[in-house]
Amino acid sequence: MDRILHAADPRDAKLELDVAYDCRGGGDPGKAIEKYSDRLLFLHIKDVEPLSDTADAKRPYRFVELGRGKVDLPAVFDALHKVNFRGWAIVELDVVPDKTRTPKEAGAISKKYLEEKLGVTV
């Protein structure tokens with residue numbers, strides 16, 4: 001991401017940041033938001049956790065409800081406030097991680113996290 005955005009003209013290349021993929025790739029989404037605030041148009045807000053070494057090597061991670069993974073979501077939202085972000089953010093969950101829950105129940109878990117832990121109105 002850094003190489004591409006550094007090489008591209010800011011007038012021609014903007015950023016749609018997926019905080020889970022950034023974290024998964026070794027990045028720090030909060031720092032990326034601050035660094036590229038002038039190019040940030042949209043966000044995908046989701047969480048991810050690593051799977052054990054015995055898990056499928058093709059996908060050694062899974063997406064989880066907000067607050068249940070490794071993404072530092074408080075830092076993400078602090079950075080958004082710091083840069084006065086006024087774009088769109090989409091809360092996402094690619095797959096429901098617990099097959100005993102419905103997508104609606106998984107969404108409710110993320111909504112509760114946003115409201116109760118981060119003070120975000122949904």
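Here are some notes:
- Filtered by the rule that a residue be open to solvent by 90 Å² or more (accessible area, probe 1.4 Å), at pLDDT 95 or above and over 12 Å from the mean Cα position of the chain (by Cα), the stretch 15-58 gives K31, K35, D38.
- Leading residue by the ranking (farthest from K99 (Cα to Cα)) among those in the stretch 62-78 that are at pLDDT 95 or above and of a type in the set (K, R): K70
- Subset of the stretch 1-14 (residues that are assigned to a loop (DSSP other than H, G, I, E, B), open to solvent by 90 Å² or more (accessible area, probe 1.4 Å) and closer than 22 Å to V76 by Cα): K14
- Residues of the stretch 99-117 satisfying the condition of being surrounded by fewer than 16 Cβ atoms within 10 Å (Cβ to Cβ) and modelled with pLDDT of 95 or more: T100, R101, T102, P103, K104, E105, A108, K111, K112, E115, E116, K117
The values are calculated or read from the model by the stated rules, or taken from the named source; none is laboratory data. From a predicted model like this one, the values you see are computed outputs, not experimental measurements. Counting neighbours? That spans all protein chains shown, and the Cβs are built from the backbone with ideal geometry, glycine included. To get the accessible areas, we keep the full protein, side chains included, count just its heavy atoms, and leave off ligands, DNA and RNA. Shrake-Rupley method; radii C 1.70, N 1.55, O 1.52, S 1.80 Å.
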